[in-house]
Amino acid sequence: MALKNFLLAGFGGQGILFSGKVIAYSGLMDGKEVSWLPSYGPEMRGGTANCSVCISDEPIGSPLVLSPDVLMAMNLQSYDKFIDAVAPGGLAVIDSTLVDKKSSRTDITAVYVPATALASENDLQGLANIILIGVILKHTGFADFEAVKKAIDKCVPPKKRHLIEANLRAIELGMQYE
């Protein structure tokens, strides 16, 4: 794999920065070069949050992602702001529970996943972001599944260890989504 640039975006509180950490750690567990650059408004919860992640076989020149190969958009503002920045040939994974628009771009693959609804239906509240990571993993193979499992184990804080199994179920649900 050459350089893969990810841009994850949504509201504060949707787990955008956590998602970025999981993707970055997955690359790290696979022995890749990685960078993780969080960005959020002063409001934090409820404000906008986005995160740039780079995974590469080579050293990474800049951690800032302006033209992502992969966009994860979890709300309408993020979709509107970043959909046109996706590199031609790139992938946009959109939470269609919260974004009711469809991209007219024909030079990217857009995948619409009702992740927030799927999370609720499967008793995985708050894990729509992890379902979307599963969809991204299925479409890009950015890391080995074992590496992603290790990354989840590394990123979930000690006081939330009981959520590891739910996170793994969410990844698998995303990987199975058609």
### Message
For region 47-63: of the residues being surrounded by fewer than 20 Cβ atoms within 10 Å (Cβ to Cβ) and in contact with a strand residue (DSSP E or B) (Cβ under 6 Å, 6 or more places away or on another chain), which is modelled with the lowest pLDDT?
### Response
G47
#### Entry: Test: K159 is farther than 19 Å from L7 by Cβ and under 17 Å from the mean Cα position of the chain (by Cα)
no
### Message
Pull out all pairs, ordered by first then second residue, where Cβ-Cβ is under 8 Å, the residues are six or more apart or on different chains, the first lies in region 119-137 and is without any contact (Cβ under 8 Å) to a residue 24 or more places away in the chain, and the second is open to solvent by less than 10 Å² (accessible area, probe 1.4 Å).
### Response
Q125/A119
### Task
Might you check whether a residue that is free of Cβ contacts under 8 Å to residues at least 24 places away in the same chain, over 23 Å from V113 (Cα atoms) and either surrounded by fewer than 21 Cβ atoms within 10 Å (Cβ to Cβ) or touching a Gly at 6+ places or on another chain (Cβ under 8 Å) (or both) occurs anywhere in region 64-74?
yes
### Message
Let me confirm something: among L168, L163, L124, which residue is more than 21 Å from S26 (Cα to Cα) and crowded, with 17+ Cβ neighbours inside 10 Å?
### Response
L124
### Task
Determine if region 8-20 includes at least one residue that is touching a Phe, Trp or Tyr at 6+ places or on another chain (Cβ under 6 Å), surrounded by 15 or more Cβ atoms within 10 Å (Cβ to Cβ) and assigned to a helix (DSSP H, G or I).
yes
### Query
In region 89-137, what count of residues is obtained for those that are of a type outside the set (A, V, I, L, M, F, W, C) and under 12 Å from the mean Cα position of the chain (by Cα)?
3
### Query
Which pairs do you get when a residue that is closer than 17 Å to F6 by Cβ, found in region 141-156, comes within reach of a residue that is charged (D, E, K, R) and at pLDDT 95 or above, reach meaning Cβ atoms under 6 angstrom, with the pair 6+ apart or on two chains?
C155/K21
### Message
Going residue by residue through region 138-153, is there one that turns out to be in contact with a strand residue (DSSP E or B) (Cβ under 6 Å, 6 or more places away or on another chain), surrounded by fewer than 17 Cβ atoms within 10 Å (Cβ to Cβ) and not acidic (D, E)?
### Response
yes
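The values are calculated or read from the model by the stated rules, or taken from the named source; none is laboratory data. Since the model is a prediction, treat every value here as computed from it, not as a measurement. Here Cβ is always computed from backbone atoms with ideal geometry, including for glycine, and neighbour counts include all displayed protein chains. For the accessible areas, the whole protein counts, side chains as well, though only heavy atoms, and no ligand, DNA or RNA atoms are used. Shrake-Rupley method; radii C 1.70, N 1.55, O 1.52, S 1.80 Å.
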